[in-house]
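To start, the structure itself, in structure tokens.
The values are calculated or read from the model by the stated rules, or taken from the named source; none is laboratory data. Quantities reported herein were computed from a predicted structural model and do not represent experimental measurements. All Cβ positions, even for glycine, are placed from backbone atoms using ideal geometry, and neighbour counts span all protein chains on display.
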């Protein structure tokens, strides 16, 4: 009798997790990435690629956001981390990947690389820092918030030819972390479109198509922070 009882207990132990999983009592860890399809860069100064090579350096990130756990906050002074919701890769690498994909897709320059051993020596280096990538929520309103700095350096003399800080947020209409990631992707697309427009103007100056005053005027007409349009 005792021998028959033990296998029954073991079977119950094995089946219990499956039963709880079906009942939804065991949380499942989910993984996310930023994702969007870049649109062609509009109103380009030069219709063909500039004959330059840009190296994308891995972006830095503020330590509070360096973890794979997705950050959410309910006040300016307290950060919390989702335990069962993570970025699929480290946020700094994810952001760098997105920037490389977007820049390469525009055909703005003839070559986009990540490593120095990829062939063509870079004429410029694009780098930056992620200051915030998070969900900001209250009982009634949720926002997606993304802030980063972008810098373009001329390699031959180490001179910074472009620098800009972006700090954007957008309301999330459905209170679900998956929709927060979707809106963060929209913000990233918005930021990259602005940054690449600026860089197009800067490279036009480098190429001799425009003057410095044109570059400054272009950057002055675009806001660097605030809400992204609905």
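Looking across the range 27-65, the residues that are over 21 Å from residue 101 (Cβ atoms) and in contact with a strand residue (DSSP E or B) (Cβ under 9 Å, 6 or more places away or on another chain) come down to 27, 28, 29, 30, 51, 62, 64.
So residue 112 ticks every box in (1) within 29 Å of residue 200 (Cα to Cα); (2) part of a strand (DSSP E or B); (3) in contact (Cβ under 8 Å) with a residue 60 or more places away in the chain; (4) touching a helix residue (DSSP H, G or I) at 6+ places or on another chain (Cβ under 6 Å) but one. Which box is left unticked? Going through the list (1) within 29 Å of residue 200 (Cα to Cα); (2) part of a strand (DSSP E or B); (3) in contact (Cβ under 8 Å) with a residue 60 or more places away in the chain; (4) touching a helix residue (DSSP H, G or I) at 6+ places or on another chain (Cβ under 6 Å), residue 112 breaks only (3).
Of all the numbered requirements in (1) surrounded by 12 or more Cβ atoms within 10 Å (Cβ to Cβ); (2) within 28 Å of residue 140 (Cβ to Cβ), residue 83 misses one, and that requirement is (1). When residues in the range 69-92 are screened for being outside any strand (DSSP E or B) and either more than 14 Å from residue 32 (Cα to Cα) or within 12 Å of the chain's Cα centre (by Cα) (or both), 6 of them pass. Tell me whether the range 131-142 contains one or more residues that are more than 23 Å from residue 186 (Cβ to Cβ), crowded, with 17+ Cβ neighbours inside 10 Å and over 20 Å from the mean Cα position of the chain (by Cα). The answer is no, given that none of the residues of the range 131-142 is more than 23 Å from residue 186 (Cβ to Cβ), crowded, with 17+ Cβ neighbours inside 10 Å and over 20 Å from the mean Cα position of the chain (by Cα).
Only one of 203, 184, 146 is at pLDDT 95 or above and in contact with a helix residue (DSSP H, G or I) (Cβ under 7 Å, 6 or more places away or on another chain); which?
That would be 146, the only listed residue that is at pLDDT 95 or above and in contact with a helix residue (DSSP H, G or I) (Cβ under 7 Å, 6 or more places away or on another chain).
Looking only at residues of the range 48-68 that are over 13 Å from the mean Cα position of the chain (by Cα) and in a strand (DSSP E or B), we find that the one that is surrounded by the fewest Cβ atoms within 10 Å (Cβ to Cβ) is 51. Tally up the residues in the range 115-143 that are assigned to a loop (DSSP other than H, G, I, E, B) and either in contact with a helix residue (DSSP H, G or I) (Cβ under 8 Å, 6 or more places away or on another chain) or within 26 Å of residue 46 (Cα to Cα) (or both), please. Going through the range 115-143 one residue at a time, the tally reaches 6. For residue 149, indicate whether it is free of Cβ contacts under 8 Å to residues at least 24 places away in the same chain, under 17 Å from the mean Cα position of the chain (by Cα) and not in a helix (DSSP H, G or I). In short, yes. Filtering 172, 201 for residues that are crowded, with 19+ Cβ neighbours inside 10 Å and farther than 21 Å from residue 39 by Cβ leaves a single hit, 172. The one condition from (1) at pLDDT 95 or above; (2) touching a helix residue (DSSP H, G or I) at 6+ places or on another chain (Cβ under 9 Å); (3) under 18 Å from residue 201 (Cα atoms) that residue 68 does not meet is (3).
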